[in-house]
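Below: one structure, written as structure tokens.
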């Protein structure tokens with residue numbers, strides 16, 4: 001087993017983290033500018049399904065990217081695979097200057113491929129360079145909040161500089177997309193290859209797609225997360241223009257509150273998780289609060305906007321208490337190697353995003369045909385899948401976590 005350079009590992013984790021932040025910024029900024037973008041390409045209002053097609057394309061691309069991520073990693077090695085992923089992210093810049101909406105959408109799909117690959121590759125890097133369970137949970141918690149950091153920055157800018165940012169959508173997106181170039185250069189300089197089959201103990205673990213497909217944990221884990229993703233992504237991406245059309249709410253403020261509260265909630269979840277607390281009670285309790293609170297955000301949207309904003313904050317806070325803990329479950333299973341984690345998370349994200357994409361298409365179809373209230377009822381019901389599957393997940397709390405936590409405190 002080759003000697004592990006932990007300092008290099010921390011640099012690699014940080015670069016992938018910033019790359020995913022730029023992905024979130026580009027996705028949320030593009031969604032926030034949907035009215036201006038569709039007006040440019042179509043010269044008038046469009047059907048809700050058309051206006052959301054870029055978001056569908058990104059989530060669909062993520063399904064395929066996640067399935068292919070492990071194969072690309074094993075074929076090219078970690079450094080080249082992540083270079084390719086960040087290179088795909090830079091298609092966000094190309095998309096802006098393409099001649100029509102469908103070419104723009106195709107380039108944004110490639111950006112989605114890159115984003116999916118980046119988040120999958122975070123896991124083998126953490127598995128390779130981090131051995132302490134407490135540190136691993138903390139780093140995975142920071143990885144899970146990377147999207148929220150990007151979303152929060154964009155939401156903050158769109159809340160206070162909306163007129164300036166919407167005046168020229170091409171210029172705005174060009175600025176956000178250019179940030180990815182920095183992470184690409186940094187990765188080329190700092191990234192390195194490593195053996196993905198060996199665990200930190202030196203044990204070689206063979207685990208492929210056939211093994212993962214037969215693993216009941218994967219299906220419970222992924223389908224449960226599809227419910228979480230439905231609430232998470234729609235609240236930060238798709239619901240902004242919907243709230244502004246059908247309610248008294250500002251979609252930018254909702255984004256700001258959910259993403260900002262999520263950053264705070266992540267650190268609370270990190271603190272709870274490193275104390276050796278059983279996982280399932282946290283997931284079920286915070287999941288219930290998350291869904292009920294966002295339901296109240298919807299219900300009070302036209303009755304009491306200030307109360308609605310308060311519940312959005314509570315929902316975002318509860319959402320991210322559990323998120324880092326949930327994403328660390330696979331790391332806490334016995335017999336993990338970088339390759340096994342890549343396969344598990346590749347299929348995990350693929351299944352979760354496939355289910356979430358179907359849910360989102362159904363939601364927007366209901367919105368266009370039946371209206372706001374039926375679509376929101378469906379939205380809450382679909383989000384509740386998270387609780388159904390979290391109930392049947394195994395308890396993964398490491399027995400030695402509280403001891404390690406005390407030593408690393």
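The values are calculated or read from the model by the stated rules, or taken from the named source; none is laboratory data. Small disclaimer: the values here were computed from a predicted structure and weren't measured. A quick note on method: Cβ atoms are made from the backbone with ideal geometry, for glycine too, and the neighbour counts reach across all protein chains shown.
From the residues in the stretch 156-209 that are within 30 Å of residue 249 (Cα to Cα) and not in a helix (DSSP H, G or I), which one is modelled with the highest pLDDT?
Applying the filter and picking the extreme gives 168.
For residue 276, state whether it is assigned to a helix (DSSP H, G or I) and touching a helix residue (DSSP H, G or I) at 6+ places or on another chain (Cβ under 9 Å).
Considered against the rule, which asks whether it is assigned to a helix (DSSP H, G or I) and touching a helix residue (DSSP H, G or I) at 6+ places or on another chain (Cβ under 9 Å), residue 276 comes out as no.
What about residue 355, is it part of a helix (DSSP H, G or I), over 17 Å from residue 213 (Cβ atoms) and modelled with pLDDT of 90 or more?
Spelling it out, it is not the case that residue 355 is part of a helix (DSSP H, G or I), over 17 Å from residue 213 (Cβ atoms) and modelled with pLDDT of 90 or more.
Residues in the stretch 375-399 that are modelled with pLDDT under 90 and surrounded by 13 or more Cβ atoms within 10 Å (Cβ to Cβ): how many?
Total satisfying the criteria: 4.
Check 57, 83, 127, 146 and return the single one that is over 24 Å from residue 351 (Cβ atoms) and either more than 17 Å from the chain's Cα centre (by Cα) or surrounded by fewer than 24 Cβ atoms within 10 Å (Cβ to Cβ) (or both).
After applying the criteria, what remains is 83.
It is to be established whether one or more residues within the stretch 252-263 are surrounded by fewer than 17 Cβ atoms within 10 Å (Cβ to Cβ), within 20 Å of the chain's Cα centre (by Cα) and under 26 Å from residue 140 (Cα atoms).
yes
Cβ-Cβ distance below 7 Å, separation of 6 or more or different chains: which pairs start in the stretch 25-45 with a residue that is farther than 11 Å from residue 237 by Cα and end on one that is part of a loop (DSSP other than H, G, I, E, B) and at pLDDT 85 or above?
41/100
What residue, among those in the stretch 66-75 that are free of Cβ contacts under 8 Å to residues at least 60 places away in the same chain and within 24 Å of residue 108 (Cβ to Cβ), is surrounded by the fewest Cβ atoms within 10 Å (Cβ to Cβ)?
71
If residue 362 satisfies all but one of (1) buried (at least 19 other Cβ atoms within 10 Å of the Cβ); (2) more than 28 Å from residue 264 (Cα to Cα), what's the number of the condition it fails?
For residue 362, the failing item is (1).
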